[in-house]
Amino acid sequence: GENVEQHPSTLSVQEGDSAVIKCTYSDSASNYFPWYKQELGKRPQLIIDIRSNVGEKKDQRIAVTLNKTAKHFSLHITETQPEDSAVYFCAASVEGSGYSTLTFGKGTMLLVSP
Amino acid sequence: GAVVSQHPSWVICKSGTSVKIECRSLDFQATTMFWYRQFPKQSLMLMATSNEGSKATYEQGVEKDKFLINHASLTLSTLTVTSAHPEDSSFYICSARDRNLHFGNGTRLTVT
């Protein structure tokens with residue numbers, strides 16, 4: 001099955017700095033890669049996703065890059081703000097074959113200090 | 001937008017009792033729903049895939065007789081933790097998808 005590795009496990013940055021979280025996956029058939037933000041005790045919220053037919057996607061301060069050859073994808077947050085502090089999870093799945101299950105990374109706790 | 005409702009948001013029960021958690025898709029039909037468990041400071045671990053009108057598919061290591069799943073309609077799946085023990089205390093989250101995957105708010109179960 002799929003295995004998703006995520007690094008770092010914790011990340012502390014100063015407000016305004018950039019933050020980068022990296023994930024690797026093992027199943028070359030995976031073609032859908034979402035990123036979730038989870039605040040303490042709350043549900044994960046989808047913040048951005050990318051499919052394997054593109055290499056990069058951007059939404060305001062958030063961007064995701066995908067390298068299919070190397071089987072890794074990254075989340076980039078620019079101009080970080082204290083409200084970006086949360087746990088971020090990457091995930092991978094194979095879409096298009098009926099239903100698909102997501103395999104999550106272990107998460108990255110991001111702390112943005114004012 | 002699409003919403004998944006999960007109830008209750010928290011529950012405390014005594015060891016040996018059973019607890020039922022409901023997951024509803026509010027404005028779309030979901031033939032498939034997913035149940036996750038999340039221990040403190042850990043990732044979401046898929047427990048089982050709930051299939052409307054048929055048996056759930058359990059992940060390796062998840063006891064199907066302990067975690068009973070019923071998906072009787074296209075908008076409702078239930079997870080029943082039977083004979084709960086303190087080690088079952090966790091955050092349980094369901095999800096369902098239309099175009100995207102939507103999570104419920106989660107249920108924090110504490111077994112005393």
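Taken over region A:17-69, residues that are of a type in the set (Ser, Thr, Tyr) and closer than 13 Å to residue A:88 by Cβ amount to 1.
Please specify each residue of region A:67-86 satisfying the condition of being surrounded by 22 or more Cβ atoms within 10 Å (Cβ to Cβ) and among the aliphatic types (A, V, I, L, M). If the condition is that a residue be surrounded by 22 or more Cβ atoms within 10 Å (Cβ to Cβ) and among the aliphatic types (A, V, I, L, M), then A:75, A:77 are the ones that fit. Scanning region B:3-19 for residues that are more than 10 Å from every other protein chain (Cβ to nearest Cβ) and farther than 15 Å from residue B:108 by Cβ yields a total of 7. When A:13, A:54, A:4 are checked against the criterion of being surrounded by 15 or more Cβ atoms within 10 Å (Cβ to Cβ) and farther than 25 Å from residue B:106 by Cβ, a single residue qualifies: A:13. Looking across region B:50-63, the residues that are surrounded by fewer than 20 Cβ atoms within 10 Å (Cβ to Cβ) and not aliphatic (A, V, I, L, M) come down to B:51, B:52, B:53, B:54, B:55, B:57, B:58, B:59, B:60, B:61, B:63.
Residues of region A:36-65 that are under 14 Å from residue A:108 (Cα atoms) and within 11 Å of chain B (Cβ to nearest Cβ): A:36, A:38, A:40, A:44.
The set of residues in region A:48-71 that are within 28 Å of residue A:113 (Cα to Cα) and out of contact with any Asp or Glu (no Cβ under 8 Å at 6 or more places or on another chain) comprises A:49, A:56, A:58, A:59, A:60, A:62.
This table checks each residue for (1) over 18 Å from residue B:8 (Cβ atoms); (2) surrounded by fewer than 18 Cβ atoms within 10 Å (Cβ to Cβ); (3) within 14 Å of another protein chain (Cβ to nearest Cβ).
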| site | (1), (2), (3) |
| --- | --- |
| B:65 | yes, yes, no |
| B:68 | no, yes, no |
| B:71 | yes, no, yes |
| B:83 | yes, yes, no |
| B:91 | no, no, yes |
| B:100 | yes, yes, yes |
| B:104 | no, no, yes |
| B:110 | no, yes, yes |
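Among the residues making up region A:73-107, those that are facing chain B (nearest Cβ under 10 Å) and of a type in the set (Val, Ile, Thr) are A:87, A:101, A:103.
Residues that are in contact with a Ser or Thr (Cβ under 7 Å, 6 or more places away or on another chain) and among the basic types (Lys, Arg) do occur in region B:58-76, at least one of them. Checked against the criterion of being without any contact (Cβ under 8 Å) to a residue 24 or more places away in the chain and under 13 Å from residue B:95 (Cβ atoms), the candidates B:57, B:32, B:49 yield just one match: B:49.
The numbers here are math on the coordinates, done by the rules we state, and not lab data. Just so it is clear, the structure is predicted and the values come from calculations on it, not from any experiment. Neighbour counts are summed over all protein chains in view; Cβ atoms, including those assigned to glycine, are modelled from backbone coordinates with ideal geometry.
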